[in-house]
Every structure is written in C-alpha cells, then in structure tokens.
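First comes the structure, then the notes that go with it.
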Amino acid sequence: MKIIAIGTTNQAKVAAVRSIFSSEHYTLVPTDVPSDVSAQPISDHETRQGAINRAKHALQKENADIGIGLEGGVMEIDGELWLCN
C-alpha cells in the first residue's frame, strides 16, 4: 500500500484528496508543513510555489511515496483580486 502525504491538515483540502484516492490502495497522511510563501499568496507563481513546497515537505516529513500540496492564493487583474487555487 502506498503512502500519500498531504501537505495540510485543513479538513476541506484533506477531503478533496480523499475523494480522489481510494483508501483500499493508499494510506493518506495529512501533515502540518510550511508553504514557505506568504500567508496569503498574491500571484499564480507564489500560489503554485507554495503547493510545490508543501508537497516536497510532506513527502520528506512522512517518508511517503507521493506528496501532495494544495495552496490557495489570489492574483490581481485590472485592480481586482481573483482566487487562484
């Protein structure tokens, strides 16, 4: 059985990952890891980097087979803030 480390303990994000991966084939391990970006990422690039960092940290911390990072952020377009996830 493969171990999937999820780089968050946020229940909504963990539930999203659980909805994709069957518990028959994977052990899912939510883990608290840093994103190494701003508390509120303000661009697609920063949001993406936060998700990558969370996946890498979770993978290493749990010695898992797969690491998953989820990060929410915003970006400014024409003076308005839009969600980027």
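The values are calculated or read from the model by the stated rules, or taken from the named source; none is laboratory data. Quick caveat: nothing in here was measured; it's all calculated off a predicted structure. Counting neighbours? That spans all protein chains shown, and the Cβs are built from the backbone with ideal geometry, glycine included.
Some observations on this one:
- Among the residues making up segment 1-10, those that are part of a loop (DSSP other than H, G, I, E, B) and modelled with pLDDT of 95 or more are Gly7, Thr8, Thr9, Asn10.
- Within segment 39-52, restricting attention to residues that are in contact (Cβ under 8 Å) with a residue 24 or more places away in the chain and not small (Gly, Ala, Ser), the residue that is surrounded by the fewest Cβ atoms within 10 Å (Cβ to Cβ) is Gln40.
- The residues of segment 33-44 that are under 9 Å from Met75 (Cβ atoms), out of contact with any Cys (no Cβ under 6 Å at 6 or more places or on another chain) and of a type outside the set (Val, Ile, Thr), listed by number, are Pro41, Ser43.
- Single residue of segment 11-38 satisfying the filter (part of a loop (DSSP other than H, G, I, E, B) and surrounded by 14 or more Cβ atoms within 10 Å (Cβ to Cβ)) that is modelled with the lowest pLDDT: Phe21
- Scan segment 42-85 for residues that are modelled with pLDDT of 95 or more, assigned to a loop (DSSP other than H, G, I, E, B) and in contact with a helix residue (DSSP H, G or I) (Cβ under 9 Å, 6 or more places away or on another chain) and the total you get is 5.
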